[in-house]
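**Q** Here it is: the structure, laid out below.
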Amino acid sequence: MKLRILLVFPSSVYKDEIILNFSKDENYEVYECSNIKDALEKLNKNYFDFVLCDMNFSDGTGLDLKKEMSKLYSIPTIFVSEESDDMKKILALEYGADDYIVYPFNMLELKARIRAVLRRTKTDLETPNSNTNVLEVGGFEFNLLARSVKRNGEDIELTGREFELLYTLVINKDKVLSREELAAKLWSDASGHIRTVDVHVKRLREKIKDNESLIIRTKWGEGYYFSSNTKN
């Protein structure tokens with residue numbers, strides 16, 4: 001499954017370099033914006049596995065962004081900057097950043113740091129006192145870091161792709177998504193899995209007890225959508 005990364009950078013040399021490098025890597029699904037306002041809008045509407053952000057924006061600082069992000073859900077974050085000032089590094093870490101890297105750097109190093117942060121956050125999540133990151137949408141309760149989901153207080157056992165499929169449909173409620181669109185979100189080789197989407201939808205309906213297809217509905221000839229009119 002691709003890692004969904006939000007890049008928040010104003011215009012800069014390293015922004016273009018990062019976007020070019022990560023866009024060519026099939027392990028990452030890259031989204032970008034250039035200011036705090038747009039970043040918070042994207043974070044409100046979508047789930048991301050990781051954020052890479054600058055320290056300076058036209059509408060605030062990276063610290064401002066991190067502070068607002070923490071009100072939404074906990075998301076691993078690395079600050080990227082040309083500034084090597086120790087105080088800024090310390091402030092970034094104090095505000096909850098997981099790492100701080102100074103440009104120029106090797107892209108392989110950046111990816112290694114991302115993997116290291118993800119290993120740490122996964123370990124933190126499994127400790128007894130860890131804070132889960134819960135989002136309630138469409139009658140479902142998603143734990144975004146544990147990749148688990150509940151409905152009416154009951155755990156639903158889903159595979160990673162079933163979780164991604166359900167979450168994608170829920171956050172796009174009442175919007176018809178074609179098989180092609182859903183396949184593109186679930187597999188790097190989307191063209192080979194168009195019909196596989198139907199199988200996953202069938203299994204997902206069984207697991208969430210959507211026996212009459214009232215929650216995940218079919219728009220014949222177009223695709224699938226999550227119905228907001230369903231009573232939970």
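Bear in mind these aren't lab numbers, they're just calculated from the coordinates by the rules spelled out. Note that the structure is predicted; figures quoted are calculated from it, not measured. When we count neighbours, we look across all protein chains shown, and the Cβ atoms used for this are built from the backbone with ideal geometry, even at glycine.
**Q** Mean residue ellipticity at 222 nm from the helices of the chain, using -39,500 (n - 2.57) per DSSP H segment of n ≥ 4 over the full residue count, to the nearest 500 deg cm²/dmol?
**A** Calculated mean residue ellipticity at 222 nm is -12500 deg cm²/dmol.
**Q** Which entries of Lys24/Lys150; Lys15/Lys202; Lys71/Lys202; Lys37/Lys219; Lys37/Lys209; Lys2/Lys37 show an alpha-carbon separation above 31 angstrom in the structure shown?
**A** Lys24/Lys150; Lys15/Lys202; Lys71/Lys202; Lys37/Lys219; Lys37/Lys209
**Q** Taking R0 as 30 Å, what's the FRET efficiency between Glu157 and Lys219 from their Cβ-Cβ distance, rounded to 0.05?
**A** Working from the Cβ atoms, E equals 0.65.
**Q** Related question: For segment 3-126, rounded, prolate or oblate, judged on the Cα gyration tensor with a ≥ b ≥ c (square roots of eigenvalues), a/c < 1.5 rounded, else prolate if a/b > b/c?
**A** Here segment 3-126 falls in the rounded category.
**Q** Pick out which of Val117, Val80, Val137 has the largest mean-square fluctuation in a Gaussian network model of the chain, springs linking Cα atoms closer than 10 Å.
**A** Highest fluctuation of the listed residues: Val137.
**Q** Quote the relative contact order of the chain in percent (integer), defining contacts as alpha-carbon pairs under 8 Å separated by 6+ residues.
**A** 13 percent
**Q** Also: Is the shape of segment 1-75 best called rounded, prolate or oblate, per the rule: a/c under 1.5 gives rounded, else a/b larger than b/c gives prolate, else oblate, with a ≥ b ≥ c the square roots of the Cα gyration tensor eigenvalues?
**A** Since a/c reaches 1.5 but b/c is at least a/b, the shape of segment 1-75 is classed as oblate.
**Q** Compute, for segment 134-226, the length of the dipole vector about the Cα centre, with Cβ point charges of +1 (Lys, Arg) and -1 (Asp, Glu) only. Units Debye, rounded to 20.
**A** 120 debye
**Q** Continuing with the same structure: Sticking with the crude label model, points 7 Å out along Cα→Cβ, report the distance from Lys71 to Asp25 in nm, one decimal please.
**A** Output for this residue pair reads 3.2 nm.
**Q** Taking a label point 7 Å from the Cα of Glu83 along the Cα→Cβ vector, which residues of segment 1-19 have an amide N closer than 16 Å to it?
**A** Residues passing the 16 Å test: 9-12.
**Q** May I ask for the net charge around Lys202, where only other residues with Cβ less than 15 Å from the Cβ of Lys202 are counted and Lys, Arg are +1 while Asp, Glu are -1?
**A** +3
**Q** Using only the Cα atoms of the chain, what do you get for the radius of gyration and for Dmax, in Å?
**A** Radius of gyration, then largest Cα-Cα span, for the chain: 18.9, 60 Å.
**Q** Let me ask something else. For the modelled label position 7 Å from the Cα of Asn229 along Cα-to-Cβ, which residues of segment 161-182 have backbone nitrogen atoms closer than 17 Å?
**A** Taking a point 7 Å out along Cα→Cβ of Asn229, the residues of segment 161-182 whose backbone N falls under 17 Å are 173-177.
**Q** Over the chain, with a Gaussian network built from C-alpha contacts below 10 Å, which listed residue (Lys71, Lys150, Lys89) shows the highest mean-square fluctuation?
**A** Ranking Lys71, Lys150, Lys89 by mean-square fluctuation puts Lys71 first.
**Q** For the Cα atoms of the chain, what angle does the longest principal axis make with the long axis of helix 36-45, in degrees from 0 to 90, nearest 10?
**A** 20 degrees
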